[in-house]
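Since the structure comes first, as structure tokens, the remarks are kept for the end.
The values are calculated or read from the model by the stated rules, or taken from the named source; none is laboratory data. None of these values were measured; they are calculated from a predicted model. All Cβ positions, even for glycine, are placed from backbone atoms using ideal geometry, and neighbour counts span all protein chains on display. Only protein heavy atoms, including side chains, enter the accessible area calculation; ligands, DNA and RNA are left aside. Shrake-Rupley method; radii C 1.70, N 1.55, O 1.52, S 1.80 Å.
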Amino acid sequence: MPTVRLLSDAELSPEAAAVFDDIRATRKTDYVNDFWRALANDPVTLKRTWESIRQVMGPGALDPLVKEMLYVAVSIAHGCEYCIASHTASARAKGMTAEQHMELLAVVGMAAETNRLATALQVPIDPKFREPA
């Protein structure tokens, strides 16, 4: 159950409506998902978050599919059901196969296990791993 109302287009402030227009234009879709509709209750946070995600998830050194898969991995680690669902859908739309998805989940699970083991064992970091690249 949401803790805030999910605002319809008719309920948006002019500032939030402008952000929704940019979301639609950038993503080339009429659909604005419920995450943004929840954030629209605070147009300042909505705008700041959209500008950041547009920049980070936009063109860069990493392939768009890789970015989405990383987003899924971090969302799993943080237990964000909404983000897991939305970014898995986005990764699939960008070409993630069922095999890639399962391999991603295997890597996330393995990393979670070895992270816990290394933390519990208090393994010191090898000096070689601290050297600058």
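Computed quantities for the displayed model
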read-out: Filter pass, T114 being surrounded by fewer than 14 Cβ atoms within 10 Å (Cβ to Cβ), within 26 Å of V4 (Cα to Cα) and more than 15 Å from the chain's Cα centre (by Cα); value: no
read-out: Pair list, Cβ under 7 Å, 6 or more apart: region 64-84 residue at pLDDT 95 or above, other residue charged (D, E, K, R) and open to solvent by 50 Å² or more (accessible area, probe 1.4 Å); value: P64/K94; L65/K94; E68/K94
read-out: Output for region 87-113, where each listed residue is within 12 Å of L70 (Cα to Cα), of a type in the set (V, I, T) and free of Cβ contacts under 8 Å to residues at least 24 places away in the same chain; value: T88
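To keep it simple, each residue is scored yes or no on (1) within 19 Å of D63 (Cβ to Cβ); (2) of a type in the set (A, V, I, L, M); (3) more than 18 Å from the chain's Cα centre (by Cα).
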site	(1), (2), (3)
I76	no, yes, no
G79	no, no, no
T88	yes, no, no
A106	no, yes, yes
Q122	no, no, yes
